[in-house]
Amino acid sequence: MKNERVASCADAFEADAISVDDARKKIFSEIIPIKETEKLAIRNCLKRYLANEVISPIDVPPHTNSAMDGYAVAGKDLPTSEAKIYTVSGASFAGSPSTENYQAGNIIRIMTGGVMPSGTDTVIPQELTEVVGEQSIKIEAEHKMGQNVRHPGEDLTKGSKIFEPGRQLSAADIGILASLGIGEIEVKRRPCIAFFSTGDELRSIGETLKEGEIYDSNRYTLFAMLKNLDVEILDLGVIPDTQEDIQKAFITASEKADLFISTGGVSVGEADFIKPTLKALGNTHFWKIAVKPGRPLTFGDVNKTWFFGLPGNPVAVMVTFLQFVQPAINYLASGNIKKHVTLRAKCSEDIYKRPGRTEYLRGVFEQTATGEFEVKRTGKQGSGILMSMSLANCFIHLPSDSNSVHAGDSVEIQPFSGVI
Ligand code: AMP
Ligand code: MG
């Protein structure tokens, strides 16, 4: 087996790191979903979570109406063996119904959405008719009674349950609410998410970098990922590496937000104050996960304001946010646990791995001419190489107990589309 290293005691994984599954279980068992609700105009409800079920107050459509532009007739008056000529005796347009009383031998002009005139039950599409005189229409003997007609309640039936509580509203859902005549709806309050970066080496954009300094990118990726989730965002800036400053940031964030996130300072280095601050002010639920990248990841709370201490490395920030923080925020906002969408893909290269921790590699997948998915890594995978995320369109998920992957093996991928 090429490329395989022999595991030694020196690189054994840390025994106190919990598994990815246990970390998720812990997160969902601790977090208490938001209960407060607010009433909003439906236009402002995209991505919001419904507080209550929705029962249809009306039938949609409310009337029997035409599905085509054409002519309305009574099915029992349709030609059976040879073509028949009818007299046009009125018109029914969407929004202005016909007042005619239908009689055998007559036919009524009708447009899509027009109410079916009383006595009619069938629509002949315009393109299947022939004008043979000023008010005379010929119809062949090929039509079925009841065709091209939409019935009341066909889309939504009065009194039926349309949506369950906790549903995240899509554009289609908002259209459905409008078609029911519902202009305002009760939704869950949006969670407020605060975040800050820690690190004396971090400078804001616009400042000149001195030796050893870097621009703070984590607050920008975090802001962008939070923006996708439709939450209230509170950016607390860059916090210097001192116990006092970090403590102040913890207090502000825990007072103002429902959940807060820090990046950096979460290891056990001399300038790593996140762990001791959480210990002093709140509760630590876990602080290490058997995952790569992102092993030192702290989850805790300060007076039930949930806290995630993410690592400093930019890729680790994105991976741990998407794998742990985003599901936590969704759960906080809705009470629902959303699963990642996964696909199987053929890996086109060897990937070295030892069992004992879960790995999320940055991959590019594509569909081959035969319809199969094929995936490979986006080059260098260091947790500081943000370009590996930028180039990726999926994570390659290698479960904890898995070994090295060999070219041609099938692997699980999590496509990013609609995620980042
Ligand atoms: P730390 O976890 O604080 O030891 O940080 C690990 C690495 O991530 C260091 O190389 C940091 O310079 C880098 N890093 C920490 N925070 C940020 C940030 N906000 N933006 C970009 N890089 C960062
Ligand atoms: Mg640091």
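The values are calculated or read from the model by the stated rules, or taken from the named source; none is laboratory data. Bear in mind that the values here come from a model prediction, so they are computed numbers and not experimental data. Note: ideal-geometry Cβ built from the backbone for every residue, glycine included; neighbour counts use all protein chains shown. Side chains are part of the model used for accessible areas, which takes the heavy atoms of the whole protein and leaves out ligands, DNA and RNA. Shrake-Rupley method; radii C 1.70, N 1.55, O 1.52, S 1.80 Å.
Dipole magnitude of the chain about its Cα centre, charges +1 at Lys/Arg Cβ and -1 at Asp/Glu Cβ only, in debye to the nearest 20? Kindly include the intermediate steps, with their values, before the conclusion.
On the way: 45 positive and 53 negative charges, 142 e Å.
The calculation lands at about 680 debye.
Nearest-5 percent of antiparallel DSSP beta bridges in the stretch 34-122?
Values: 6 of 10 bridges.
Roughly 60 percent of the DSSP beta bridges within the stretch 34-122 come out antiparallel.
Ignoring ligands, DNA and RNA, what accessible area per residue does the chain give at 1.4 Å, in Å²? Don't jump to the answer; show the numbers that get you there.
Details: 20830 Å² over 420 residues.
Value for the chain: 50 Å² per residue.
Report, in degrees rounded to the nearest 10, the 0 to 90 angle that the Cα long axis of helix 243-256 makes with the longest principal axis of the chain.
So the inclination is approximately 20 degrees.
For the pair Ile32/Gln103, report the inter-label distance in nm, with labels modelled 7 Å from Cα in the Cβ direction.
7.5
Report relative contact order for the chain in percent, whole number only (criteria: Cα-Cα under 8 Å, sequence separation at least 6). Walk me through the numbers before you get to the answer.
On the way: 922 pairs, mean separation 66.7, N = 420.
It comes to 16 percent, rounded to a whole number.
Is there a quick way to get the dipole size of the stretch 256-341? I mean about its Cα centre, with the Cβ of Lys and Arg at +1 and of Asp and Glu at -1; what is the value in debye to the nearest 20? Write out the running numbers ahead of the final one.
Working: 9 positive and 4 negative charges, 48 e Å.
Charge dipole of the stretch 256-341: 240 debye, to the nearest 20.
Label the stretch 48-204 by shape, choosing from rounded, prolate and oblate, from the square roots a ≥ b ≥ c of the eigenvalues of the Cα gyration tensor; if a/c is under 1.5 it is rounded, and otherwise prolate applies when a/b is larger than b/c, oblate when it is not. Don't jump to the answer; show the numbers that get you there.
Numbers: a/c = 4.16, a/b = 2.95, b/c = 1.41.
Because a/c hits 1.5 or more and a/b exceeds b/c, the stretch 48-204 counts as prolate.
Please give me the summed charge of the neighbours of Ala194: other residues whose Cβ is under 12 Å from its Cβ, Lys and Arg +1, Asp and Glu -1. Walk me through the numbers on the way to the answer.
On the way: positive: Arg219, Lys256; negative: Glu232, Asp235, Glu255, Asp258.
Residues close to Ala194 contribute a combined charge of -2.
Send over the per residue convex hull volume for the stretch 211-352, Cα only, as a whole number of Å³.
Values: hull volume 21.5 nm³, N = 142.
In the stretch 211-352, the Cα hull volume divided by residue count equals 151 Å³.
For the stretch 140-146, what does the Karplus curve 6.51 cos²θ - 1.76 cosθ + 1.60, with θ = phi - 60°, yield as ³J(HN,Hα) per residue in whole Hz, taken in order and with x for Gly and Pro?
Taking θ as phi minus 60°, the curve returns 7, 8, 9, 9, 10, 4, x Hz for the stretch 140-146.
Would you tell me the accessible area of Leu361, worked out with a 1.4 angstrom probe on the heavy atoms of the protein chains, in Å² to the nearest 10?
20
Between the stretch 356-382 and the stretch 125-190, what is the separation of their alpha carbon centroids in Å?
Spelled out, the Cα-based centre of one part sits 43 Å from the other.
Consider all pairwise Cα distances in the stretch 273-368 and report the whole-number % of them above 17 Å.
Numbers: 2801 of 4560 pairs.
More than 17 Å apart: 61 percent of the Cα pairs in the stretch 273-368.
Output needed for the stretch 328-393: three equivalent-ellipsoid semi-axes, defined as square roots of 5 times the C-alpha gyration tensor eigenvalues, in descending order, whole Å.
Values: eigenvalues 124, 66, 37 Å².
Sorted largest first and rounded, they come to 25, 18, 14 Å.
Given the protein chains as shown and a 1.4 Å probe, how many square angstrom of Lys275 are accessible, to the nearest 10?
Rounded to the nearest 10, that gives 60 Å².
Compute and list, largest first, the equivalent-ellipsoid semi-axes of the chain from the alpha carbon gyration tensor, each √(5λ) rounded to a whole angstrom. Mind dumping the intermediate values first?
On the way: eigenvalues 741, 155, 64 Å².
The equivalent ellipsoid of the chain has semi-axes of 61, 28, 18 Å.
Taking the stretch 114-160, how much of its Cα-Cα pair set, in percent, is spaced more than 18 angstrom apart?
On the way: 508 of 1081 pairs.
Above the 18 Å cut-off, the stretch 114-160 has 47 percent of its Cα pairs.
Along the stretch 32-49, what does the Karplus equation 6.51 cos²θ - 1.76 cosθ + 1.60 (θ = phi - 60°) give for ³J(HN,Hα), rounded to whole Hz, x for Gly and Pro?
9, x, 5, 9, 4, 10, 8, 9, 10, 5, 4, 4, 9, 10, 4, 6, 6, 9
Net charge within 9 Å of Thr37 by Cβ-Cβ distance, Lys/Arg positive one each and Asp/Glu negative one each, not counting Thr37 itself?
Surrounding charge for Thr37 is +1.
Could you work out the local net charge near Gly181, counting Lys and Arg as +1, Asp and Glu as -1, over the other residues with Cβ closer than 13 Å to its Cβ? Before the final figure, lay out each step's value.
Values: positive: Lys158; negative: Asp59, Glu184.
So the environment of Gly181 carries a net charge of -1.
Between the stretch 221-247 and the stretch 311-349, what is the separation of their alpha carbon centroids in Å?
Measuring centre to centre over Cα atoms gives 18 Å.
In percent, what relative contact order does the stretch 1-140 have, based on Cα pairs under 8 Å that are 6 or more apart in sequence?
Values: 184 pairs, mean separation 33.0, N = 140.
Normalised by residue count, the contact order of the stretch 1-140 is 24 percent.
On the protein heavy atoms, probe 1.4 angstrom, tell me the percent of accessible surface of the chain carried by carbon and sulfur. Don't skip to the answer; put the middle values down first.
On the way: 10610 of 20830 Å².
Of all accessible area on the chain, carbon and sulfur atoms account for 51 percent.
Enumerate the amide H contacts of Ile289 below 5 Å, restricted to partners 5 or more residues apart or on another chain; note that Pro and chain-start residues carry no placed amide H.
Ile18, Leu297
Can you list the trypsin sites (Lys or Arg not before Pro) in the stretch 172-204 that are in a DSSP coil and have 16 or fewer other beta carbons within 10 angstrom? Numbers along the way, then the final one.
Numbers: sites: Lys188, Arg189, Arg203; in loops: Arg189.
Here the sparse-neighbourhood loop sites are Arg189.
Measuring from label point to label point, each 7 Å out along Cα→Cβ, what is the Asn44 to Leu209 span in nm?
4.2
Given the chain, what percent of its DSSP beta bridges are antiparallel, to the nearest 5? Don't skip to the end; give the middle numbers.
On the way: 56 of 83 bridges.
Restricted to the chain, the bridges split so that about 65 percent are antiparallel.
Classify the stretch 203-247: rounded, prolate or oblate, from the alpha-carbon gyration tensor (a ≥ b ≥ c, eigenvalue square roots; a/c under 1.5 rounded; otherwise prolate if a/b is larger than b/c)? Before the final figure, lay out each step's value.
Numbers: a/c = 3.16, a/b = 1.43, b/c = 2.21.
Note, shape of the stretch 203-247 comes out oblate.
Work out from phi, with θ = phi - 60° and the Karplus expression 6.51 cos²θ - 1.76 cosθ + 1.60, the ³J(HN,Hα) of each residue of the stretch 96-111, listed in order in whole Hz, and give x for Gly and Pro.
Going residue by residue, I get 9, x, 6, 9, 5, 9, 5, 10, 3, x, 9, 8, 10, 4, 9, 10 Hz, with x marking Gly and Pro.
From the cross-link list Lys279/Lys380; Lys161/Lys227; Lys25/Lys304; Lys248/Lys292, which pairs have alpha carbons spaced over 27 Å apart? The partial results should precede the final answer.
Values: Lys279/Lys380 36 Å; Lys161/Lys227 31 Å; Lys25/Lys304 17 Å; Lys248/Lys292 30 Å.
Result: Lys279/Lys380; Lys161/Lys227; Lys248/Lys292 exceed 27 Å.
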